[in-house]
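These notes are about the structure you will find just below.
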Amino acid sequence: MTNNVRGPTSALTEFLRELGINHALIQRRGQRWQQQQAEAGPSNASTNANQDITNEEEQGGLPDSLTGEAAPDSDHLDSEEEVTTGKKRKLSKAALERQKASAKKKAKKNDDEDYKDNEEDAYTAKSLRENKSTNPKPSIGSLQKCSRCSKQFTMTKYTMAANPPPGYLCHSCAKSSGADPFKKPAAPRKRKSAAEKRTITNFQERKLPTLVFLCIKVISQHINDVEAFGDIGSVNLDRIVRALCRNRSLTPENATLFYDVRNKNINIYDGTRLEPPALTTLALLNPNLTSLRIDFCGHLNNAVLDSWSTSLPALTRVELLGPFLVRVPAWISFFRSHPGLKGFLLHQSPRFDLECMSALVTHCSRITELRLKEIGKLDDTFLPHISSLKYLEQLDLSSPGASCSDDSVISVLKERGAQLTHLDLSCHNELGDDFLKRGILAYTPHLVSLKLDNLPSLTDEGVAAFFHAWTPSVLSTLSIARAHDVGSHALPALLDCAWSTLSTLNINAWRDTTVESLVNIAKAQELRTLDIGWNRAVDNFVIKAILDGCPKLEEIKCWGCNRVTAECPRKLNVNLHGVESSVYVDAY
Amino acid sequence: MSSQQQQGDDWIRITSKDGFSFVVKRNVALRSGTLRNMLDEHNFAEAVQKVCPVDERAAVTEKFVEYLAYKASYENANPNEEIPDFGERIAPEIALELCV
């Protein structure tokens with residue numbers, strides 16, 4: 001019976017609502033007016049009552065409950081709204097009760113209901129009051145006069161209100177007006193469906209926990225009872241760390257499982273949930289660590305690094321991904337307390353600046369492995385410091401904030417190139433063919449790994465000339481991805497240069513390579529992983545040739561090679577990633 | 001694929017590293033992503049022979065199969081139905097191995 005939807009309202013109603021004029025206000029005002037009238041003289045009031053009666057007689061079909069009560073004053077007769085509010089006033093007792101009930105209902109509601117829901121309910125409640133109080137349906141079974149044909153009829157459940165409003169229609173008039181009296185009101189049904197929807201969402205939230213999740217819970221519960229796990233070898237320990245990190249569920253509680261005084265080496269692949277106290281604990285419980293790696297160590301701050309300065313005296317290699325919070329003084333004191341540091345691998349730190357770099361060089365002169373990847377402040381001024389590291393063997397300066405210049409990188413290679421084994425200068429977009437010739441070709445004969453991804457100024461001829469001239473002794477990893485203009489000449493030269501030792505090759509996005517040169521990759525007998533994504537010429541035959549030719553192959557990535565189809569040949573123990581149409585095959 | 005296979009009503013054998021084997025209905029085995037991949041590809045030996053080797057010792061494999069059965073029976077359960085906690089059935093001794 002209740003109508004929860006507030007229908008279209010007249011401009012006046014809307015206007016009054018905006019001004020905050022409600023029926024209580026009008027009621028008060030009406031009472032004041034009546035008092036004034038009574039003071040003025042009784043004759044006026046009696047005319048008012050008379051007027052009221054005539055008014056009702058004119059309307060004819062007003063419900064029983066309304067007759068015989070005082071109507072609104074003549075002041076407000078001109079507006080429909082005022083009439084309504086007048087009616088409201090008569091019903092104020094019932095309305096009040098309803099209001100109370102709805103308030104109770106609201107109070108019972110949970111706090112977690114979202115804002116939108118609340119708002120919706122608030123609206124509903126309001127319209128409920130209005131509609132109910134304006135249309136009090138006479139009780140079923142009572143006799144009524146039809147407002148159209150003026151015949152008497154009995155009220156039933158299906159009796160419809162006349163439109164325009166005053167009064168009710170008898171069954172035949174209701175039918176003839178085109179409306180179906182037996183039609184169920186639409187609004188309640190809508191409401192129901194909303195409720196159903198809500199229960200469905202609740203149902204979907206109930207998902208069975210995964211086995212891994214359950215296991216981690218059990219492990220965390222029994223973490224203090226280390227005996228229950230039995231003796232765990234270091235290999236298994238690493239597997240467990242990986243499993244926990246993969247689910248981002250390495251917490252301060254279960255991390256203690258991996259701590260031991262005898263530990264020399266800890267790798268944490270996801271330290272997102274390790275907060276500063278936990279990281280301090282790590283150092284205190286593993287005082288003999290020589291190598292420490294923490295990925296996603298966003299919680300690492302100055303205080304933790306300061307505690308490491310004292311509690312990890314034996315540390316020689318530290319690898320951190322994302323220590324954003326550590327500031328310059330903390331880095332400097334860390335370097336000062338670890339003069340024996342041999343490996344410093346830092347990935348993503350916006351605060352690491354020239355001062356830190358000079359402190360690193362001053363205090364840790366025995367660095368052999370240096371990574372400053374995605375360091376925003378890295379620029380040419382860092383490079384003289386780097387070249388003064390006498391024992392440097394592995395250097396990674398990829399993805400800097402701004403590219404270093406040709407000449408300054410070459411000067412580093414001139415100093416340290418002879419002993420360098422690993423070099424990564426990806427994303428230094430100022431480096432081009434000239435750098436290859438004057439830098440790498442001239443000074444780095446012993447490179448094992450060379451990564452020069454995303455150097456857009458490389459040209460096909462320049463790279464080809466470089467590989468023709470270069471004779472690296474043990475190059476095993478080569479990555480020159482995303483060099484769009486390199487291809488048809490450079491690839492044969494590359495293979496001639498390094499085919500015998502190459503185990504990892506990435507020539508992603510070498511757009512113009514030819515089938516003939518790609519097939520030649522097959523002669524690289526040591527090849528294990530290969531990325532030939534976005535090489536347009538790669539097709540099933542190229543894949544087949546490579547699979548047949550490289551006995552040690554483990555992985556091929558061929559994303560974006562449209563000519564490779566689902567029918568392309570496979571080989572046991574070789575993962576082939578990025579075959580486009582195989583997605584559709586799997587779907588069947 | 002026969003109709004029996006489509007209904008998940010035929011039997012699959014899951015073998016452990018140390019020679020034990022567990023026979024379960026196909027629709028139970030399919031609760032595991034790994035086993036599903038093994039069984040779905042038509043030309044895999046596992047799919048043809050209906051035998052899936054699991055590289056774990058028997059105790060762990062048994063618990064794994066038990067979980068699959070648990071998942072199969074409660075995955076589509078009524079929302080108001082009480083779902084027992086599987087965590088109670090995992091012995092802490094094998095939890096780590098199960099996790100890996």
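The values are calculated or read from the model by the stated rules, or taken from the named source; none is laboratory data. Keep in mind the model is a prediction, meaning the values are calculated, not measured. Every residue, glycine among them, receives a Cβ derived from its backbone with ideal geometry; neighbour counts consider all protein chains shown.
Based on this model, can you work out whether A:Pro287 counts as over 20 Å from A:Gly376 (Cα atoms) and surrounded by fewer than 17 Cβ atoms within 10 Å (Cβ to Cβ)? Spelling it out, A:Pro287 is indeed over 20 Å from A:Gly376 (Cα atoms) and surrounded by fewer than 17 Cβ atoms within 10 Å (Cβ to Cβ). Filtering the stretch B:36-79 to residues that are under 16 Å from B:Asp10 (Cβ atoms), aliphatic (A, V, I, L, M) and modelled with pLDDT under 85 leaves B:Met38, B:Leu39, B:Ala47, B:Val48, B:Ala72.
Does the stretch A:451-460 contain any residue that is surrounded by fewer than 19 Cβ atoms within 10 Å (Cβ to Cβ) and more than 34 Å from the chain's Cα centre (by Cα)? Checking the stretch A:451-460: at least one residue is surrounded by fewer than 19 Cβ atoms within 10 Å (Cβ to Cβ) and more than 34 Å from the chain's Cα centre (by Cα). The number of residues in the stretch A:473-506 being closer than 11 Å to A:Ile521 by Cα and under 36 Å from the mean Cα position of the chain (by Cα) comes to 1. Over 39 Å from the mean Cα position of the chain (by Cα), among the hydroxyl-bearing types (Ser, Thr, Tyr) and more than 14 Å from chain B (Cβ to nearest Cβ) - does that describe any residue in the stretch A:555-578? No, every residue in the stretch A:555-578 fails to be over 39 Å from the mean Cα position of the chain (by Cα), among the hydroxyl-bearing types (Ser, Thr, Tyr) and more than 14 Å from chain B (Cβ to nearest Cβ).
With the requirement that a residue be touching a strand residue (DSSP E or B) at 6+ places or on another chain (Cβ under 9 Å) and not in a strand (DSSP E or B), what does the stretch B:33-57 give you?
The answer is B:Thr34, B:Leu35, B:Met38, B:Leu39, B:Ala45, B:Glu46, B:Gln49, B:Lys50, B:Val54.
When B:Val24 is tested against (1) under 19 Å from B:Glu97 (Cβ atoms); (2) surrounded by 13 or more Cβ atoms within 10 Å (Cβ to Cβ), exactly one condition is not met: (1).
Looking only at the stretch A:425-480, residues that are of a type in the set (S, T, N, Q) and over 17 Å from A:Ala498 (Cβ atoms) come to 5 in all.
Taking first residues from the stretch B:25-50 that are over 22 Å from A:Arg570 (Cα atoms) and partners that are acidic (Asp, Glu) and part of a helix (DSSP H, G or I), no Cβ contact under 8 Å between residues at least 6 apart in sequence or on separate chains turns up.
Would it be correct to say that A:Asp407 is of a type in the set (Asp, Glu) and either surrounded by 17 or more Cβ atoms within 10 Å (Cβ to Cβ) or at pLDDT 95 or above (or both)?
Criteria not met by A:Asp407.
One line per residue, one yes/no per condition, for (1) touching a Cys at 6+ places or on another chain (Cβ under 9 Å); (2) buried (at least 17 other Cβ atoms within 10 Å of the Cβ); (3) within 29 Å of A:Leu423 (Cα to Cα):
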residue	(1), (2), (3)
A:Leu257	no, yes, no
A:Asp260	no, no, no
A:Asp270	yes, yes, yes
A:Ser307	no, yes, no
A:Trp331	yes, yes, yes
A:Phe335	yes, yes, yes
A:Gly343	no, yes, yes
A:Ser358	no, yes, yes
A:Cys364	no, yes, yes
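Check whether at least one residue in the stretch A:489-497 is within 23 Å of A:Cys561 (Cβ to Cβ), outside any helix (DSSP H, G or I) and not polar (S, T, N, Q), and report yes or no. Yes, because at least one residue in the stretch A:489-497 is within 23 Å of A:Cys561 (Cβ to Cβ), outside any helix (DSSP H, G or I) and not polar (S, T, N, Q). Screening the stretch A:231-255 for residues that are assigned to a loop (DSSP other than H, G, I, E, B) and of a type outside the set (Lys, Arg) and picking the one that is surrounded by the most Cβ atoms within 10 Å (Cβ to Cβ) gives A:Leu250.
Run down A:Asn520, A:Asn573 and say which single residue is part of a helix (DSSP H, G or I) and in contact with a Leu (Cβ under 9 Å, 6 or more places away or on another chain). Answer to the selection: A:Asn520.
A:Leu431 - would you say it is crowded, with 20+ Cβ neighbours inside 10 Å, assigned to a strand (DSSP E or B) and not acidic (Asp, Glu)? Before the answer, list the steps.
Working: crowded, with 20+ Cβ neighbours inside 10 Å: yes; assigned to a strand (DSSP E or B): no; not acidic (Asp, Glu): yes.
Here the answer is no, as A:Leu431 does not meet what is asked.
Conditions (1) at positive phi; (2) part of a helix (DSSP H, G or I); (3) in contact with a Pro (Cβ under 9 Å, 6 or more places away or on another chain), marked per residue:
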residue: A:Ala330; (1), (2), (3): no, yes, no
residue: A:Leu346; (1), (2), (3): no, no, yes
residue: A:Pro350; (1), (2), (3): no, no, no
residue: A:Ser365; (1), (2), (3): no, no, yes
residue: A:Leu383; (1), (2), (3): no, yes, no
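For the stretch A:26-37, the set of residues classified as of a type outside the set (Gly, Ala, Ser) and at pLDDT 80 or above consists of A:Ile26, A:Gln27, A:Arg28, A:Arg29, A:Gln31, A:Arg32, A:Trp33, A:Gln34, A:Gln35, listed by residue number.
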